[in-house]
């Protein structure tokens, strides 16, 4: 007989962990299945660790809503649990006059999205804040910051455990069958295979969330759920540059990303990235040949850096719903009752600003769960 479970969460990245911490506050029979040996080993730990403000996304989109709300919640959470973070602010710069309109558009979008404290800056004002940055205009976002993503995930994990949630690592979901009253979820781990009778299934499988949805019987092509892998590489800057800027510095965004930006780590070191490369497979090698592109992108607004200051660091993969060349796609976060799958909650395409959005997404999903099991 299958083990009986009220709620299963598939995936223990930052979003799955945040959901586990939130849902387990009121539901006591919660299991999390994660195919890796521990939590947060994929997209959640391979990113810029930025707490975003939310000016890049259309008004009323889930990305905008959850980023703005998540920004507030994540600072509260970090302060409550003493998680290492810094509200250091960000500059989005126009390197030349042709880019000023793009920066002004981000300012207007940020105001529409309800972001506080945004300020347009002149060249002189930028120089006062960042003497080493060359730009003709810029947008200051005071609420942007950085966070220790591992400490954040560790605290979500700890809260979930304290609430009674159970985590099964090294457990890969192999099949999901719709049955009377819920689902049969089959997993494979080091001891073999076993099945769980589950009332609610929450698919937070990140890079594999479309495949999990497909296991449950959804035509991901027809539903628009097919994911496209977009690789982002990072290069580190020589430690001699650690005082070059005081806050994050971003160019105007590209179609598939936010541009090659300068990120400060909590230890004061600096890195450049990510770039955007659509790929067919998940692998994390950094192409040394990208060094020139990174140098040229950053040298536009940081003219003091030299190409020898840049070294390969790490890479991550974004699970994008939009293919190369396609326009904006919002998160998919929905109960699939209208597809004949009540109690299946899919989260698909949770890329940036997923880290920032995690606590807000968790609250939203918890409300969906409460409606299902009421």
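The values are calculated or read from the model by the stated rules, or taken from the named source; none is laboratory data. Computed from a predicted model, the values in this text were never measured in an experiment. Methodologically, a virtual Cβ is constructed for each residue, glycine included, from the backbone with ideal geometry; neighbour enumeration extends over all protein chains shown.
Numbers for the structure displayed
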read-out: Residue count, region 152-167 (criterion: assigned to a helix (DSSP H, G or I) and surrounded by fewer than 16 Cβ atoms within 10 Å (Cβ to Cβ)); value: 3
read-out: Among (1) in a loop (DSSP other than H, G, I, E, B); (2) in contact with a strand residue (DSSP E or B) (Cβ under 8 Å, 6 or more places away or on another chain); (3) more than 24 Å from residue 372 (Cβ to Cβ) - the single one residue 226 does not satisfy; value: (2)
read-out: Residue match in region 182-192 (condition: in the same structural domain as residue 215 (by TED's automatic domain parsing), under 30 Å from residue 81 (Cβ atoms) and surrounded by fewer than 17 Cβ atoms within 10 Å (Cβ to Cβ)); value: no
read-out: Any hit, region 39-52, residues being closer than 15 Å to residue 361 by Cα, in contact with a strand residue (DSSP E or B) (Cβ under 6 Å, 6 or more places away or on another chain) and buried (at least 24 other Cβ atoms within 10 Å of the Cβ); value: yes
read-out: Flag if residue 339 is touching a helix residue (DSSP H, G or I) at 6+ places or on another chain (Cβ under 9 Å) and farther than 16 Å from residue 204 by Cβ; value: yes
read-out: Cross-chain or 6+ apart pairs with Cβ under 6 Å, region 290-310 first and closer than 14 Å to residue 251 by Cα, then outside any loop (DSSP other than H, G, I, E, B); value: 294/235; 294/272; 294/310; 295/307; 295/310; 298/272; 301/93
read-out: Hits in region 1-56 (condition: part of a strand (DSSP E or B), more than 16 Å from residue 372 (Cα to Cα) and more than 17 Å from the chain's Cα centre (by Cα)); value: 3, 4, 31, 32, 33, 34
read-out: Members of region 356-374 that are part of a helix (DSSP H, G or I) and free of Cβ contacts under 8 Å to residues at least 40 places away in the same chain; value: 367, 368, 371
read-out: Which numbered condition residue 240 misses (of (1) surrounded by 15 or more Cβ atoms within 10 Å (Cβ to Cβ); (2) touching a residue at least 40 places away in the same chain (Cβ under 8 Å); (3) in a helix (DSSP H, G or I)); value: (1)
read-out: Residue within region 189-202 that is in contact (Cβ under 8 Å) with a residue 24 or more places away in the chain and not in a strand (DSSP E or B) present; value: no
read-out: Condition broken by residue 119, with the remaining ones in (1) touching a strand residue (DSSP E or B) at 6+ places or on another chain (Cβ under 6 Å); (2) within 16 Å of residue 247 (Cβ to Cβ); (3) surrounded by 14 or more Cβ atoms within 10 Å (Cβ to Cβ) satisfied; value: (3)
read-out: Members of region 58-82 that are surrounded by 20 or more Cβ atoms within 10 Å (Cβ to Cβ) and more than 19 Å from residue 365 (Cβ to Cβ); value: 78
